[in-house]
Amino acid sequence: MELLEQQGRRYAKVAFETNPDATYQLLLTCLKYDGPHGAAPPVVAVNVVEKPDLLDDAIQEADSDDSLDETSTPTVVDEYWTLGDISVDERAANPLSAFRNVNPTLNMRDAAFATPAKYFLHFLPVDHLRDVVIPAINREAFLQEPSWTPLDWSEYLNWVMLWIKMTIIMACRDKSIYWRKSSCPYYLNVDFGQYMPITRFNLILKWHIFVTPDGALFQQDPLYQVRSFLTAFNGHLATTMEPGMPNLKKVPRKPHSIGQEYKTIADNVTFIILRLDFCGDPVLRVPARREDRTIRMTEPWFYSGRTIVTDSWFGSLKMARALKERGLFSIMQVAKRAYWPTGMPAQDMVQNLGEEYGSHRSMFSTVPGESMMVVSFRDLKVKAIVSTCGVTMPGKTRRIKHPDTGAYIEFKRRMIFDEYEENKSSVDVANNRRDNLLNFHDVMCTQSWELRCLSFFLGVAEANAFSAFKLFHPEGSNVVHTEFRWRLAESLKAYISELRTLPAYVPPTTRSSRGGDIHSLIP
């Protein structure tokens, strides 16, 4: 066994007796005994009624990323806290530093009269696709196949339009079915050949890349292909709209794995995805601190006074302070063992909570100017929030069914929890709209994680277009997602036909019309 260390982590190269010629690189961790066990003691049946674990949220096991954040710094318990409720919202006390308008605006001309294709293209980085991606595909294809016909923007859009049509029809692993001509009622008869030959379609799929391949860049960053497009995608999304209250969440690799794990931020009114960030393979990626990712995700809204609502993956006092220093308020759920009691008040916020439903415990920081509070609340599960805004006074009435007696009980939920519950599901709604119907990764059926990432980006753009169409178009509230996707394919087809009928671009001239070789400023 050989020990080695890479990027702060220790690994071991081992070989197994069943296959001594192969070596495997394993992350050093705890060993588990797998030998013979003694005789099991006799089992005595005891009738015990087990109560539900109400501390489930507060004592979840930390994920693999927690160790990166917690092992580097010693545990320091903050003592500057005092028990008490907050009755004045920091955003109301300092209105000049708070962003109170939660109504988003779409940076799109004639949004009320635009077609679904215009909405879809509004959320795609068109310039990057036209100036970087398509030339890279052409260069790589020319090197491998000298007879390659150059790909242009209209043909690329036509290729994307066919993927959209596939999501409307059905998922077929054999792509030739979409190009079949048949009069039999039991077979598909869509004939994609009228749009593009199947050989050309497969060639574009085969040579699709994001940037020109570079071995030196791959050694530095194995994700350089997709990262270039992600950077352009995020930069473009920042220009598409002015959001209200962003909601930041970790999107795990489910329900369909695309080879990546995404951190996502969405608007709480429109449910439009505003920014993405991903992690690559754990062995290859450079460990990044959790607060660095949060700062990177919220960078477009620094010093805007907006309120960032996050789930427990991001929530901690350190995160809240980092956002406050950059002019952002935050409401963060805290649910990981790694953050209890790291940086939290000395008096435990969960263990000292009352047993009855609706009980709460709140503490606020005594540091001048910090305006930080920690609140725990007993619902069906214990929930805890770290916040730099909001109040802890009684809010809406919540009615639940008691898990033991079955009787319905009512209690007042704290107002800070009302605000969190109302704005916590923006990313979930956006993710459901992207993935509930047949999607791009379902019809692509590829093992290439780069192409699976492309399917994810196309799915995000399509879901964003649908979310924007529902809110900003007069007919949006009456259009369901399946009808919108059909309209999108048809309007894209019309847009492509219009592109192909436009005259060729003529560069401007600085010569006068009186003579071909005489400048207009020369007498």
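Just so you know, all these numbers are worked out from the coordinates, no wet-lab data involved. Keep in mind that what you see is a predicted model, and the values were worked out from it rather than measured. Glycine gets a Cβ as well: all are built from the backbone with ideal geometry, and neighbour counts include every protein chain shown.
My understanding is that a pair violates if its Cα-Cα distance is over 28 Å; which of LYS263/LYS324; LYS318/LYS424; LYS175/LYS470 do that in this structure? In this structure, LYS175/LYS470 lie more than 28 Å apart at Cα. Extension gain, SER147 to VAL269: 0.36 nm times the residue separation minus the Cα-Cα distance gives 38.9 nm. Compared with the alpha-carbon gap, the fully stretched path from HIS402 to VAL88 is longer by 109.8 nm at 0.36 nm per residue.
By the count of other C-beta atoms within 10 Å, a proxy for reagent exposure, THR115, THR501 are ordered fewest to most as THR501, THR115.
Cβ crowding within 10 Å, taken as a proxy for footprinting-reagent exposure, orders TYR357, TYR303 from fewest neighbours to most as TYR303, TYR357.
Once the Cα-Cα distance is subtracted from the 0.36 nm per residue extended length, the THR23 to SER359 segment shows a gain of 115.4 nm.
Listed highest first by mean packing, meaning other Cβ atoms within 10 Å per residue, what order do 457-464, 402-409 come in?
457-464, 402-409
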